[in-house]
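Engineer: Here's a structure for you.
The values are calculated or read from the model by the stated rules, or taken from the named source; none is laboratory data. Predicted model only: the values in this text are computed from it and were never measured. Virtual Cβ from ideal backbone geometry, glycine too; neighbours counted across all protein chains shown. When the accessible area is computed, the model is the full protein with side chains, heavy atoms only, and any ligands, DNA or RNA have been set aside. Shrake-Rupley method; radii C 1.70, N 1.55, O 1.52, S 1.80 Å.
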Amino acid sequence: MKYHQINSALFVKNRRKFTAEMKPNSVAVFNSNDIYPVSADSTLPFAQHRDIFYLSGVDQEESILLLFPDAPYENQKEILFLKETNDHIAVWEGEKLSKERAFQVSGIRTVYWLQDFHKILNEMMTYADTMYINTNEHYRATVETETREARFVKWWKERYPAHNVSKSNPILQRIRSVKESEEIDLIQQACDITEKGFRRLLSFVKPNVTEYEIEAELIHEFIRNRSKGFAYTPIIASGNSANVLHYIENNQQCKAGDLILLDVAAEYANYSSDMTRTIPVSGRYSERQKAVYNAVLKVKNEATKMLTPGTLWKQYHIEVGKIMTSELLGLGLIDKADVQNENPEWPAYKKYFMHGTSHHMGLDTHDYGLLHEPMKANMVFTVEPGIYIPAEGFGIRLEDNVVVQEKGEPFNLMRNIPIEADEIESLMNS
Ligand SMILES: [Mn+2]
């Protein structure tokens, strides 16, 4: 791992929050992700399942966490199962967690090697009445492969058909959406690394630079600051490519006079940041580009103020739509008749702003959070309005990450990343 070790107190707290929601006499199990094959013997880089990471800090393949708060013996209440390591294995496969290291990372004292899992699970199942299975119910998830977790759940239910089944996912969605201060610090670190990458770009971008050269500058800055890399596939979209919302080719040359939409951010310790900035290739926005830019910035700032405890995500989006509508009227992109005749299911503003304004952020870039429940303090959201105008050859999106506060306006984790058009121009020309 490139990141500094996280204090195990965070994972102790996270487990306590999870087990507090479990029914009496129940067992929950969480699995690592698989290492995914490419072909022959090559593999994708390992990416840990965020749930087992959240509950244990274990960032290693072939790991299992078992939680059984009502277990008859103290040393059975939380158990880690890890891939066996010893000095010989370390020579061949590199260092894996020893039992002692696993305790330091997770705060869990009972650690077994993976080969003991079935035997010990069987013992726990004879004591338990309910099994908590971990399914993926994220509102944006589409999963075509069978994850290690899903494979285990299938086996587990079949092997123990007499047990009650409960879902871990709603508990995780709820507790993961409200961040501990240690987590906010980690997201802040991810944002700070993103800031370094962005500032590096401001002096690098000029006419005829390519989108992939910009990508290379960013990854360089991210990795040298202990990030594993991009938190999500970067979007570096110059000119009209900005109007393709999920443009990830990043293979064009940036032309003088065009804008570049950069939806690029670093991860740190598996925590995401999620930033979008839109900068002028030539270092100056045209008058029209600046007018649209300032409209997007205004919507972002107004929307941010609405992220307060009690706000409902759906209602929030309706209110943002009203602000966007008034900005689009001001820019002459829509007129009063468009608004009067609009379809309430697809209001007029959607022609230029067709995606959501905010999503939860954390261990996943589109993080857990039950969207039908009111917002709470210490939830972390993106705020990312945009205006996309293919007819004028540019699209603008601006995105910051903010923490909902008990009182007052949200705290902006990207407060130090330049966003005012004037500041960006002066940094690009200094
Ligand atoms: Mn986003």
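Engineer: Note down the nm distance, to one decimal, between modelled labels 7 Å out along Cα→Cβ at Glu182 and at Ala377.
Structural biologist: Between Glu182 and Ala377, the label points sit 2.1 nm apart.
Engineer: Okay, moving on. Just to be sure I follow: if Rg is taken over the C-alpha atoms of the chain and Rh is the Kirkwood radius over the same atoms, what is Rg/Rh?
Structural biologist: Working: Rg = 23.9 Å, Rh = 23.5 Å.
Here Rg/Rh amounts to 1.02.
Engineer: Turning to a different aspect of this structure: Binned at 10 Å from 0, what are the whole-percent values of the Cα-Cα distance distribution for region 130-202, short to long?
Structural biologist: Whole-percent P(r) values from 0 Å outward: 15, 28, 27, 19, 8, 3, 0.
Engineer: How about region 282-350: which GluC sites (Glu not before Pro) there lie in a loop by DSSP and see at most 15 other Cβ atoms within 10 Å?
Structural biologist: Sparse-neighbourhood loop GluC sites (Glu not before Pro): Glu345.
Engineer: Still on this structure, I have one more. Among Gln405, Gln189, Gln115, which one moves the most in a GNM of the chain with springs linking Cα atoms closer than 10 Å?
Structural biologist: Gln115
Engineer: When Lys and Arg each count +1 and Asp and Glu each count -1, what net charge do the other residues less than 10 Å away from Val404, Cβ to Cβ, add up to?
Structural biologist: Taking every Cβ under 10 Å from that of Val404, the sum is 0.
Engineer: On alpha carbon coordinates alone, what is the Rg over Rh value for region 191-316, Rh being the Kirkwood radius?
Structural biologist: So for region 191-316, dividing Rg by the Kirkwood Rh gives 1.00.
Engineer: Roughly what % of DSSP beta bridges within the chain run antiparallel, to the nearest 5?
Structural biologist: Values: 36 of 47 bridges.
Antiparallel: roughly 75 percent of the beta bridges in the chain.
Engineer: To continue, here is another question. For Lys322, which aspartates and glutamates qualify as cross-link partners when the Cα separation must be under 13 Å and same-chain residues fewer than eight apart are set aside?
Structural biologist: Leaving aside aspartates and glutamates fewer than 8 places away in the same chain, those within reach of Lys322 are Glu302, Glu342.
Engineer: Suppose we take every Cα in region 332-430 and form the convex hull; what volume per residue is that in Å³?
Structural biologist: Roughly 176 Å³ of hull volume per residue.
Engineer: Long-range amide H contacts for Thr210: which residues qualify at under 5 Å (H placed 1.01 Å from N, peptide plane, sequence gap of 5 or more or a different chain)?
Structural biologist: Hits under the 5 Å cutoff: Cys254.
Engineer: Which whole-number percent is the relative contact order of region 146-276 (Cα, under 8 Å, 6+ apart)?
Structural biologist: Result for region 146-276 is 26 percent.
Engineer: Let me ask you something else. Identify all aspartates and glutamates with a Cα-Cα distance to Lys96 below 17 Å; exclude those on the same chain that are fewer than 8 residues away in sequence.
Structural biologist: Within reach: Asp34, Asp59, Glu61, Glu62, Glu84, Asp87.
Engineer: Taking only protein heavy atoms and a 1.4 Å probe, what accessible area per residue, in Å², does the chain have with all protein chains in place?
Structural biologist: Result: 45 Å² of accessible area for each residue.
Engineer: Select from Ile334, Met375, Gly386 the residue farthest towards the positive end of the dipole of region 314-430; place +1 on Cβ of Lys and Arg, -1 on Cβ of Asp and Glu, and compute about the Cα centre.
Structural biologist: Result: Met375, furthest along the dipole toward the positive end.
Engineer: Now, a different point. Pick out which of Val58, Val153, Val339 has the largest mean-square fluctuation in a Gaussian network model of the chain, springs linking Cα atoms closer than 10 Å.
Structural biologist: Val339
Engineer: Let me ask you something else. Determine by what factor the alpha-carbon radius of gyration of region 282-357 differs from 2.2 N^0.38 Å, reporting the quotient.
Structural biologist: That ratio works out to 1.19.
Engineer: Magnitude of the Cβ-charge dipole of region 181-428, K/R +1 and D/E -1, about the Cα centre, nearest 20 debye? Mind dumping the intermediate values first?
Structural biologist: Working: 24 positive and 36 negative charges, 71 e Å.
In total the dipole reaches around 340 debye.
Engineer: Next up: So, in nm, how far is label Ser430 from label Ile223 when the simple model puts each one 7 Å beyond its Cα toward the Cβ?
Structural biologist: 2.9
Engineer: Using 31 Å as the Cα-Cα cut-off, could you pick out the over-long pairs in Lys300/Lys407; Lys17/Lys298; Lys2/Lys119; Lys290/Lys351; Lys2/Lys255?
Structural biologist: Lys17/Lys298; Lys2/Lys119; Lys2/Lys255
Engineer: When the chain is modelled as a GNM with alpha-carbon springs shorter than 10 Å, which of Glu100, Glu221, Glu183 fluctuates the most?
Structural biologist: Highest fluctuation among the options: Glu100.
Engineer: Rounded to the nearest angstrom and ordered from largest down, what semi-axes does the equivalent ellipsoid of region 9-177 get from its C-alpha gyration tensor (root of 5λ)?
Structural biologist: Over the Cα atoms of region 9-177, the semi-axes work out to 24, 20, 16 Å.
Engineer: When the C-alpha atoms of region 181-428 are aligned to their principal axes, what extent does each axis show, in angstrom, from largest down?
Structural biologist: Taking max minus min along each principal axis of the Cα atoms, region 181-428 gives 48, 44, 29 Å.
Engineer: Additional query: Say each of Lys2 and Val339 gets a label point 7 Å from the Cα, pointing the same way as Cα to Cβ; how far apart are those two points in nm?
Structural biologist: 4.7
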